[in-house]
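See below for the structure under consideration.
The values are calculated or read from the model by the stated rules, or taken from the named source; none is laboratory data. Since we're looking at a predicted model, the values are computed, not measured. For neighbour counting, all protein chains shown are included, and Cβ atoms are generated from backbone atoms with ideal geometry for every residue, glycine included.
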Amino acid sequence: MNGTIQRSVRILASVLVIALAVAAAPGPRPAPAVPAVVLLTMDGVRWDYPQREALPAFSSMAAAGWTARRLTPPFPSLTFPSHSTLATGASPARHGIVANNFLDRASGRRFSDEREASWLEVPPLWALAERAGLKAAVRSWPCSQGAWNGTAPSFFQGYDGDARDGETVSWILGLLHRPAPDRPRLIMAWTRGADHAGHGEGPDSEGVRKAMREADRLLAGLRAGIAALGPSTPVDLLVVSDHGMAPVNRMVDVVKVIPKAGYYPFIATSGPLCNVYVKTEAQRRAVAASLGRLPQGILSMTRAEVEKRFGYGGDRMGDFVLLCPPGATFASFSRKGDRDVPRGMHGYDPSLPDMGGIFYAEGPQFPSGKTLAEVRAADIAPTVCAVLRIPPPPSAAGRNLLVGSP
Ligand SMILES: [Zn+2]
């Protein structure tokens, strides 16, 4: 035995003696396990993506916990409205994020993928948790920046276009490793999922398959990290997406159809959805007269019609709402380069099969082997509140899945 090894053995022996002494010493009993909820979204992961090839983390999570055949997004099935429904349990008509692009008539402000939580008209989960005395953590979630009516999450990381999803998983696991008094009870995070690949290459592309293999590796890392925490840190993990994806092959230029003179009629397109705002009766008549020139298959609805058909509403929706059928989308003017025809799009009628998203859950509250036929995006927030044992969101349109699920 050389000197180095002898030294190592002596150090190991003394560590062992100290450890045994600590274990034997009378002292305060360990604090009871404090459960945490992690709500992770994977953008644009359609309900059937995880089943198209072997993805071990997704199948293992389905076997270990609960899954649903599909998660039905709200109308419109767009990223900002759907994430806001996931966070509040309310419909876009109620939480106020009625599209990715819209006009707030009251203030005259235009919403275009805005990040500030102040746009939400009802409280998000992180504010409900903080107000109930529980620490919340939020990362990259749409409409989560800044305080909501004076309440901000204890831990926050804003959207960073360059950040990788692996960093998000490390951030979540870092928070779960904090000592109990500082450990957040609610962690909500957005990840890229397969949205970018779905838009650029289409839902049936190799690009989406590659993105799903990456999402599976990400999920494997998160689940392994949670398992390694041990029984002192029980975690309920929910993995959902905000919408699915439909193939697209044509673009409709709505500005060529609707007569524009200055700021109004104000036209706000979000994928296949278009809100048209008018200020005068003359504009209303001119827009109504022009809608007959839209290509066949596009639904043009008045406020009353869209409310009745899709439960859409609120002050922020347009006077006219136009919706493309799957296969078509409106040209967008918000960002350079968006005039190229995408290969995939969402935002359509949420009941269409291609608009369905994913739902997976595991942990103490979601024991093995349950398959639900359908969950709605609006069910997630009331369910998370139930797991946290705090009152449900005041404007929730969904149900707590822990009670009376089929
Ligand atoms: Zn999305």
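Numbers at a glance
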item	result
Contacts under 8 angstrom Cβ, first residue in the stretch 207-234 being at negative phi, partner at pLDDT 95 or above and among the basic types (Lys, Arg), 6 or more apart	209/52; 211/192; 212/52; 233/183
Which numbered condition residue 288 misses (of (1) over 21 Å from residue 348 (Cβ atoms); (2) in a loop (DSSP other than H, G, I, E, B))	(2)
Output for the stretch 235-250, where each listed residue is within 16 Å of the ligand (Cβ to nearest atom) and under 24 Å from residue 375 (Cα atoms)	239, 240, 241, 242, 243, 244, 245, 246
Some residue of the stretch 253-270 being within 28 Å of the chain's Cα centre (by Cα), in a loop (DSSP other than H, G, I, E, B) and either modelled with pLDDT of 95 or more or away from the ligand (no atom under 16 Å from the Cβ) (or both)	no
Residues being over 20 Å from residue 122 (Cβ atoms) and either aliphatic (A, V, I, L, M) or in a loop (DSSP other than H, G, I, E, B) (or both) - total across the stretch 347-374	16
In the stretch 53-86, the residues that are assigned to a helix (DSSP H, G or I) and under 17 Å from residue 188 (Cβ atoms)	79, 80, 81, 82, 83, 84, 85, 86
Scan of the stretch 164-201 for residues that are within 16 Å of the ligand (Cβ to nearest atom) and in a helix (DSSP H, G or I), ordered by number	165, 168, 195, 196, 197, 198, 199, 200, 201
Selection status of residue 232, within 16 Å of the ligand (Cβ to nearest atom), under 30 Å from residue 186 (Cβ atoms) and either of a type in the set (Ser, Thr, Tyr) or surrounded by fewer than 22 Cβ atoms within 10 Å (Cβ to Cβ) (or both)	no
